[in-house]
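Note sheet for the following structure.
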Amino acid sequence: MKKTTAMMAASFMIMSLVLGGCGTTSAASAATTAAVETEAQEQTETTKNDTAQDSAVQSDAAQNGTTSGSTTAKIPSAEEIEITETIENSTDEEHAITADGEEASYSNVAVVKTGDAEGDEADFYGANAAIYATNGGSLTLSEITVNTDGKHANGVFSYGEGTTVNISDSVIETSGNCSGGLMTTGDGTMNASNLLIHTTGNSSAAIRSDRGGGTVNVTGGSYTTEGTGSPVIYSTADITVSDAVMESTASQGVVVEGQNSVTLNNVNLTASNVTKNSSKSEWYQAVMIYQSMSGDADEGLASFAMNGGTLTNLNGDIFFVNNTTATIDLTGATIVNQDSEGVFLRAAAAGWGSEGSNGGHVTMNASGQNIDGDMIVDDISSLNLYLKDSSSFSGAINSDGESGDVYVEIEDGSTWTLTGDSYITSLTCSAGSINLNGHKLYVNGEEYAEGTVSEGEAIVVETASSGSHGGHGGGTPPEKPGSGSGSAGPGGDGSEPPAKPGE
């Protein structure tokens, strides 16, 4: 191990390890995944070729620091950052830079981390991260490069209440499995601006959180992931990203787990979900909102918001909600699904949760929003759809027949144009809100007559809650293994957790 700065803190000591869920699948699941991946890749190859030009335009925008509707600082590259010092660490489970209950700052340094770690010590507590802040420490980083090559080698990690990491104008690259770019747990805080993050390993989200969550604010920059189970954002925290370019090439663009949130402000997101971490779901999607029941996120209301910007989906559905209650707020965003067989929203049961009670319960608020695509709500799921402020919806709901409970409310000035027969439970609209377009709309089994005023009632859904909201994931992580609390793994009892799409 090479240490070339007097500001290096003592190495983080590992006591014992517990098997975590990151990157683990059974042989049967792996076989299923391989077959599904091959099929999906074949199905989307034509789409990818057709959209190559669009991707090139977005890539050019990222390098020039531009996003839809705004201009940000030029995104840095590793070659452009002036390096005056190199800090290296190759020891398993240790760090190159640590801020333990202290204030520290670094600029113009290259941080290189190799070595491996396993399970909870890395995912929950930060073992093996290249840069690590804890115990109320405050760490400021600017114009640095971070490169990690090892399992569970996250780039920059903030752990614990009162701990804050501020990082700007920097480059983070990780190549090992379970190695995110930015990682926040235990109610830590991460503030990032104008970063270039690129991850290539499996289960390696560019912006990542785990047990205990926290608060993450990201402004500007470019964020790209390539691995299986590696969305750009995996949230068990409250995460806000503004004026950034994001792209996933194999996984969802965004995953929100449990009582947590993601807000995108003027973000350009491209998602190409063509691989799976497990066989628990048959669908691909750009944004997944769910509850894994692993103990890493409290049960309760999940939320996703998109204000302006663009979301381009290359394969599958736009939104998928299962085994949780969620609010989706869309305001003036451009959302395009380039998969003609995908739907705009799917609320349905999958392999997470208890059969019969693991549907998705969604409230979707559209304000000044164009929605193009069908919506499917299965018989144990529900949807409240509100079209406001001159929003338009072109699509069908449950076109194959009546299924889950659906309420649609269309404010004056907003419209719904049907593209297929639709079946809903309740409707509120004025006389000119609905264009049947040659199709039939059934409301609670009765055929709707175009031009009719309707007044209905929203679907009432009870939201489960196992803790207070506010980016706390699954509450404070359990005591570290070896501290006298027993071997509490991600499932809370030492057992291996259910497989996750992005963990």
Output the qualifying pairs, or none if there are none: Cβ atoms under 9 angstrom, residues six or more apart or on different chains, first residue in region 332-356 and among the β-branched types (Val, Ile, Thr), second residue surrounded by fewer than 17 Cβ atoms within 10 Å (Cβ to Cβ).
334/68; 334/370; 335/370; 335/372; 336/372
So, in region 435-459, how many residues would count as being assigned to a loop (DSSP other than H, G, I, E, B) and within 23 Å of residue 380 (Cα to Cα)?
6
Given the structure, is residue 116 closer than 26 Å to residue 294 by Cα and either surrounded by fewer than 22 Cβ atoms within 10 Å (Cβ to Cβ) or not charged (D, E, K, R) (or both)?
yes
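Within region 406-427, can you find the residues that are assigned to a loop (DSSP other than H, G, I, E, B) and either within 29 Å of the chain's Cα centre (by Cα) or not β-branched (Val, Ile, Thr) (or both)?
Step one: filter region 406-427 for residues assigned to a loop (DSSP other than H, G, I, E, B), giving 411-414, 418-421, 425.
Selection gives 411, 412, 413, 414, 418, 420, 421.
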Those residues of region 94-113 which are surrounded by 24 or more Cβ atoms within 10 Å (Cβ to Cβ) and part of a loop (DSSP other than H, G, I, E, B) amount to 95, 96
When (1) surrounded by 14 or more Cβ atoms within 10 Å (Cβ to Cβ); (2) without any contact (Cβ under 8 Å) to a residue 24 or more places away in the chain are applied to residue 432, the one that fails is (1)
Pairs where the first residue, in region 101-121, is outside the structural domain of residue 168 (by TED's automatic domain parsing) and free of Cβ contacts under 8 Å to residues at least 24 places away in the same chain and the second is among the aromatic types (Phe, Trp, Tyr) and not in a loop (DSSP other than H, G, I, E, B), C-beta under 8 Å, 6+ apart
none
Output the qualifying pairs, or none if there are none: Cβ atoms under 9 angstrom, residues six or more apart or on different chains, first residue in region 87-99 and on the phi > 0 side of the Ramachandran plot and at pLDDT 95 or above, second residue in a loop (DSSP other than H, G, I, E, B) and surrounded by 24 or more Cβ atoms within 10 Å (Cβ to Cβ).
93/117; 93/127; 93/128; 93/152
In region 198-234, what residues are more than 23 Å from residue 276 (Cβ to Cβ) and either among the hydrophobic types (A, V, I, L, M, F, W, C) or touching a Lys or Arg at 6+ places or on another chain (Cβ under 8 Å) (or both)?
216, 218
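Counting residues that are within 25 Å of the chain's Cα centre (by Cα), which strands (runs of 3 or more DSSP E) fully inside region 359-405 reach at least 2? Quick ask: steps written out before the conclusion?
Numbers: elements: 360-367, 370-372, 375-377, 382-388, 392-394.
Result: 360-367, 370-372, 375-377, 382-388.
Considering 219, 236, 185, 228, which residue is closer than 22 Å to residue 98 by Cα, of a type in the set (Ser, Thr, Tyr) and in the same structural domain as residue 91 (by TED's automatic domain parsing)?
On the way: 219 fails: closer than 22 Å to residue 98 by Cα; 236 fails: closer than 22 Å to residue 98 by Cα; 228 fails: closer than 22 Å to residue 98 by Cα.
Residue meeting the stated conditions: 185.
The values are calculated or read from the model by the stated rules, or taken from the named source; none is laboratory data. What you are looking at is a predicted structure, and each value in this text was computed from that prediction instead of being measured. Because the Cβ atoms are built from the backbone with ideal geometry, glycine has one as well, and the counts that use them run over all protein chains shown.
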